[in-house]
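Each reported figure results from applying straightforward, stated rules to the coordinates on display, with no laboratory input. Computed from a predicted structure; not experimentally measured. Note: ideal-geometry Cβ built from the backbone for every residue, glycine included; neighbour counts use all protein chains shown.
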Amino acid sequence: MRLHAHSLASLFRHPFARLAPHLCALLGATVAMFCLPAHAQFMFRGDASHGGVSQSNAPRQFHRVKWTFPTGQRVVSSPSWYDGMIIFGSDDGNVYAVDAATGRQRWMQRTEGPVSSTPAVVDGRVFVVSYDGRLYALNARNGEVLWKFATEGERRFEARGLHGLQPRSQTYADMYDVFLSSPLVVDGTVFFGSGDENLYAVDAASGNLKWKFHTGDVVHASPAYADGIVYVGSWDGRLYAVDAKRGQQRWVFQGGVDELIHNQQGFQSSPAVAGGVVFSGCRDAHVYALDARTGEQKWNVATGGSWVVSSPAIADGRVYFATSDSALYQVVEAATGKRLQEQQTKAYVFSSPTIAGDVVLVGVLNGTLQARDKASGALLWEFQTDASRANRGWVLTADRRFNNPLLFPSSWRESAALGAERQMTVGSFFSTPLVMKGVIYVGSADGNLYALE
Amino acid sequence: MTHRVNFRFRPMLALGSLLLVATVARSAPDPAGRWEGVAEIPGAPMRMIVDIARDPQHKWVGSVILPGLGVKGAPLNDLTVTDAALHFGLTSAFSTPLEPAPAVRLARRTDGTLAGELHEGGHAARLLLRRTGPSQVDIAPPSTAVSAALEGKWVGRYELGGHPRDVTLTLANHPPGAARGEIVVVGRRTTTLRVDHVVQGAEFITLQSNQAGFRIEGRWATADGTIQGQMVQGPFEATLVLHRAAGAEEKMP
């Protein structure tokens, strides 16, 4: 993934890496991955600014499944890389390290809850959040636990009469609150959000709390960082800028609020920061561009009532994002928000676009991973899971849209939650793809981690 | 060209005719009745109970029950019965039907069953229905006419989630004595809804739009001539008082 300035600094600290700039310039981007030392940083969306740009190119043609690594539950976590290993979490409660070349397990570490966050791997340490309410620090070589940090406890976003479910006076947990906050690591501090409504800053070496910042609701977005400020959205409908050293609020941006059914509110999308602008999707059916220094809104793109859960990718003055219900892959101008591309993905997108060379990878909840031409948005190829092809119970229509009449026959009691669970049985891609050395690694709700080339 | 039939063969001809009649009768079981079976959707078989009957005008009508999908007595649309086949749509059975609309196509088989396919979401699943008893078609009560006091245009406002919505209701009687109407709701966007069902009682009126599951109900026989009630949509209810629109006078009988 793209290396932020901070990442480059750590790269150059490694003795081997002194030659890296020259070698990389000579050998090109794909070969450049071989230049990475073992301790390069990997985290959700690639780096601290969450740009979502890979340093490796994705193939423009699909050739084969290189290997498949099965786990015991769905994989919504996105893979990270460390020294030839793919490190990711599974909702079966384990953190896995898998040999990138062979797909064989190198190590596994158990937690006490689903691991629905993406591990950050920095300086030989893996930082990952589990539904057991703890941040884990693991030795990246063998998975050994270095320390655990306990929050006040995880929970999903919940509200009375959520999404119009009935009875209206009942409180429902949001079945689409699938991710946990993925840790961000900057200058020896681990930042992450929690279901206890806090943004935490924890010392990466000791696991000691540095500070915590309280928001008004669940924080399952992943924080982004630039120039001493941590940016994170909360399900209270606000996006916060917090001083990274002291944990004090710099500014807050208020997104939409839906007091009626709480459907059109909350930052589930994680922000990206580029060029002094914070970009974030929101469940209030907008993508926002905010001044990173002041929080002032520069522009917004309305998505016609459709959530923007996926996190935007930023490259070449463009913002790449995707929507849920309207199932659109969109590209807008970063400076103005002007629409440049719009393509139909057929089903909800929660996975975040990965830009890998001239290809953009988009995981779709209908169990397809789409590779699109970066310049035009045209579909280059699709990978479809076996579960999606089997389509048991007609979860998908013949053209791979969600068959909502069969999935959601009622708005009463747990019916909608059951429908949402059925949606995920087609091997939905919540996970955001990682591209390394031309190979795509991505998790699926069918429980597999796939290596595609 | 005519044929004379030899007398000796007449009994055989008669028998043959009888057999032919019997075969035709067997190949075309009376569609009227309750039919039950399972649509073989891979991984999630769907039980279906279909009732078919003739209405007083001898027109075929029917309804369907889909256990587990919350469907009881949804009317069959475009029900077509021929000597050999039976087709109907299931548009009303699903709250948000996809295109193409869900439908069932069945052959009337000689063994007295109905066999064919359920079409939904672009898929087709085998479906076999067997008669299990007499028909129990759920026939929705027809709309009533509305009194002259209610015909015309009404306006009101309700508030939901802190946002006001302006409502304009138009009601008119149409032959053969059933009211129809339209509801226009103006909030952040404008929504026009057809009134599918009207029931005016002695004091209470109910107006139902199937399109968005939107209902207006309330007392119409009020002292000040308003309709006092509420709008209902899924889990939401809000007070709604409808007044005669300015310039829209009550229609005199």
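A compact table of results
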{"item": "Unit Cα scatterers, Debye sum, region A:29-175: log10 I(q)/I(0) for q = 0.10, 0.13, 0.16 Å⁻¹", "result": "-0.42, -0.66, -0.91"}
{"item": "Residue-by-residue Karplus 3J(HN,Hα) for region A:369-376, coefficients 6.51, -1.76, 1.60, Hz, glycine and proline x", "result": "10, 9, 10, 10, 5, 4, 6, 10"}
{"item": "Where labels lie 7 Å past Cα in the beta-carbon direction, separation of residue B:105 and residue A:169 in nm", "result": "5.0 nm"}
{"item": "Rounded, prolate or oblate (a/c below 1.5 giving rounded, otherwise prolate when a/b exceeds b/c) for region B:120-205 by Cα gyration tensor", "result": "oblate"}
{"item": "Residue A:62/residue A:413 FRET efficiency (R0 35 Å; Cβ-Cβ; nearest 0.05)", "result": "0.25"}
{"item": "Alpha carbon convex hull of region A:267-340, projected area averaged over orientations, nm²", "result": "4.1 nm²"}
{"item": "For residue A:340, distant residues with modelled amide H under 5 Å away", "result": "A:331, A:332, A:333"}
{"item": "Pairwise Cα inverse-distance average, inverted: Kirkwood Rh of region A:390-432 (Å)", "result": "10.8 Å"}
{"item": "Number of partner chain Cβ atoms within 10 Å, mean per residue of A:384-395", "result": "3"}
{"item": "Translational D in µm²/s for region B:43-140 (Stokes-Einstein at 37 °C, 0.692 mPa s, Kirkwood Rh from C-alpha pairs)", "result": "238 µm²/s"}
{"item": "Chain A: calculated mean residue ellipticity at 222 nm from DSSP helix runs of at least 4, using -39500 (n - 2.57)", "result": "-2000 deg cm²/dmol"}
{"item": "Sequence-distant residues sharing a close amide H with residue B:74 (under 5 Å, placed H)", "result": "B:64"}
{"item": "Calculated [θ] (222 nm, deg cm²/dmol) that DSSP helices of n ≥ 4 give over chain B, each run adding -39,500 (n - 2.57)", "result": "-2500 deg cm²/dmol"}
{"item": "Solution diffusion estimate, µm²/s, Stokes-Einstein, chain B, Kirkwood Rh from C-alpha pairs, 37 °C, viscosity 0.692 mPa s", "result": "151 µm²/s"}
{"item": "Karplus-derived HN-Hα couplings along region A:116-126 (A = 6.51, B = -1.76, C = 1.60, θ = phi - 60°), whole Hz, x at Gly and Pro", "result": "9, 10, 9, x, 9, 10, 9, 6, x, 10, 9"}
{"item": "Sites matching trypsin sites (Lys or Arg not before Pro) across region A:100-137 that sit in DSSP coil, with at most 15 neighbouring C-beta atoms within 10 Å", "result": "A:104"}
{"item": "More than 21 angstrom apart: percent of Cα pairs within region A:324-453", "result": "41 percent"}
{"item": "Cα extents of region A:213-371 along the three principal axes, largest first (Å)", "result": "42, 38, 25"}
{"item": "Tilt relative to chain B, helix B:10-27 - C-alpha long axis, 0 to 90 degrees, to 10", "result": "30 degrees"}
{"item": "Which of A:168, A:238 has the fewest Cβ neighbours within 10 Å, and the rest in rising order", "result": "A:168, A:238"}
{"item": "Where a label projected 7 Å from the Cα of residue B:115 along Cα→Cβ would reach, residues of region B:67-88 with amide N under 15 Å", "result": "B:85-86"}
{"item": "Residue B:80 paired with residue B:233, simple spin-label distance in nm, labels 7 Å along Cα-to-beta-carbon", "result": "3.6 nm"}
{"item": "Rg/Rg_ref, the protein assembly as shown, where Rg_ref = 2.2 N^0.38 Å and atoms are Cα", "result": "1.17"}
{"item": "Cut-off 11 Å (backbone N to label point 7 Å along Cα→Cβ of residue A:421), residues of region A:147-178", "result": "none"}
{"item": "Dipole-positive endmost among A:111, A:59, A:138 within region A:54-162 (Cβ charges, Cα centre)", "result": "A:59"}
{"item": "Average beta-carbon neighbours from other chains, 10 Å sphere, peptide A:406-418", "result": "3"}
{"item": "Label point distance in nm, residue A:148-residue B:192, each placed 7 Å from Cα along Cα→Cβ", "result": "6.2 nm"}
{"item": "Residues with amide H under 5 Å from that of residue B:245, placed H, sequence gap 5 or more", "result": "B:153, B:154, B:155"}
{"item": "Residue order, fewest to most beta carbons within 10 Å, for A:324, A:234", "result": "A:324, A:234"}
{"item": "Exposure proxy order (Cβ contacts within 10 Å, fewest to most) of B:139, B:205, A:87, B:216", "result": "B:139, B:205, B:216, A:87"}
{"item": "Per-residue ³J(HN,Hα) for region A:101-112, Karplus 6.51 cos²θ - 1.76 cosθ + 1.60, θ = phi - 60°, Hz, x for Gly and Pro", "result": "7, 10, x, 8, 5, 9, 7, 9, 10, 7, 10, 9"}
